[in-house]
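See structure below.
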Amino acid sequence: MQITLKQPDDWHLHLRDDAMLKAVVASSAQHFGRALVMPNLVPPVTTAQAAREYQSRIEQAVQASLPESGFKPLMTLYLTDTTVADEVVQAAAEGTILAVKLYPAGATTNSASGVTDLKKVMPVLEAMAHHDIVLCVHGEVTHADVDIFDREARFIETVLEPLRRELPELRVVMEHVTTRDGVDYVAANERNLAATLTTHHLMINRNHLLVGGIRPHYYCLPIAKREEHRLALVKAATSGDQRYFLGTDSAPHTRSSKESDCGCAGVFNAANTMVCLAAVFEEAGALDQLEAFASLNGPNWYGLPPNSASMTLRKSDSVTPLPQPVAVDDEWVMPFDPARPIHWEVI
Ligand code: DOR
Ligand code: ZN
């Protein structure tokens, strides 16, 4: 069995910088035509100039490791309490950025400079609504008194819904939705709302993370939820609904920073996302929807054409080996283990 789709894109990717960038970029470039690159560097990418410079470092890394790929990084700006509306409007108008990323302060890796109170960024969000600039949202509240498994649902209720009521023209992507509450919210709100889904949240639940020993390589944010939530995500991804598309949230960390007293959040799934997705969609009886999810719905939302190249995936009798760990300096980045045998390969 095999299927051919338009070349996919990744609408949520962490590429980091320096040695890590050089080490991991080929894992994405070998399969994806484009990726929307997240701005949570240290320091974060908060200006158009920083975004242009980061984009050119990524392009150089592609040239050095996989020049024939034609991989194109699309950039985001990191929203802070002090972001100036004109900076965002100008960066979007000149084509430097495709979207702005909202991290609630403290929500995840390198989010310390994130937004502390939405009121502080309302002028920027109003300008974005006016100029049709997409807001990508890490949708979790951060209050210490909210249970980590409830943070997405609470964000929808107390932050996202009030924001969308106030600014209905703002186009919002709920990034890496992990709950049934998230997909129910998308289903109930037709206008100006879309969601990305990650590879790992389509494949693992919180038991994978915690049963039989703690597995730091499955620790990510938002944290994996119950199986019933994973099933709701699979249903959404495979539904053919145009508002769902792939954002891998591939987020490389070194092995020692994952396997640590205080391990980092992030799953490095760039290299095996497409073979994993083929397995998920096959299992759901929806292989015919994989192209929409991975290759068509994202460009459609961002007003871009799909890629012209194509990708063929083939199912084989033998089990496809996991990707090799990636060497960075004297360390390793471990690839996502989908916790089941995968029989698909990219040919
Ligand atoms: O697991 C995650 N890792 N979630 C995020 O939101 C950020 C990412 C990272 O940058 O490591
Ligand atoms: Zn992310």
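The values are calculated or read from the model by the stated rules, or taken from the named source; none is laboratory data. Note that the structure is a prediction, hence the values are computed from the model and not measured. When we count neighbours, we look across all protein chains shown, and the Cβ atoms used for this are built from the backbone with ideal geometry, even at glycine. For the accessible areas, the whole protein counts, side chains as well, though only heavy atoms, and no ligand, DNA or RNA atoms are used. Shrake-Rupley method; radii C 1.70, N 1.55, O 1.52, S 1.80 Å.
Structure summary
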read-out: Where the Cα pairs of region 150-197 fall when distances are cut into 10 Å bins, in %; value: 27, 64, 9
read-out: Residues whose placed amide H lies under 5 Å from that of Arg34, excluding near-sequence neighbours; value: Asp10, Lys72
read-out: Spatial separation of Cα centroids for region 249-321 and region 118-197, in angstrom; value: 23 Å
read-out: With eigenvalues of the C-alpha gyration tensor scaled by 5 and rooted, the chain, Å; value: 28, 23, 21
read-out: Two-decimal log10 I(q)/I(0) for region 19-70, as the Debye equation yields it once each C-alpha is a single scatterer, q = 0.28 Å⁻¹; value: -1.19
read-out: Placed amide H near Val115: partners under 5 Å, 5+ positions off or other chain; value: Tyr103, Ala105
read-out: For the chain, calculated [θ]222 nm from helices alone, where every DSSP H run of n ≥ 4 adds -39500 (n - 2.57); value: -8500 deg cm²/dmol
read-out: Largest-first principal axis extents, alpha carbons of region 242-337, Å; value: 41, 37, 24
read-out: Within the accessible area of region 232-337 (1.4 Å probe), percent carbon and sulfur; value: 48 percent
read-out: Within region 74-147, GluC sites (Glu not before Pro) in DSSP loop having at most 12 other beta-carbon neighbours inside 10 Å; value: Glu94
read-out: 3J(HN,Hα) from dihedral phi, region 106-120, Karplus parametrisation 6.51/-1.76/1.60, rounded to Hz, x for glycine, proline; value: x, 6, 7, 3, 6, 10, 4, 8, x, 7, 8, 7, 4, 4, 5
read-out: Accessible area in square angstrom per residue, the chain, 1.4 angstrom probe; value: 41 Å²
read-out: Inter-label distance for Ala19 and Asn207, nm, one decimal - labels placed 7 Å from Cα along Cα-to-Cβ; value: 4.0 nm
read-out: Whole-Å semi-axes of the ellipsoid equivalent to region 1-145 (Cα gyration tensor, √5λ, descending); value: 28, 17, 16
read-out: Cα-based reach from Lys101 at 29 Å (exclusive), listing lysines while leaving out same-chain residues under 8 positions away; value: Lys6, Lys22, Lys72, Lys119, Lys120, Lys225, Lys235, Lys258
read-out: Cβ-derived FRET efficiency at R0 41 Å, Thr4 paired with Ala112, nearest 0.05; value: 0.40
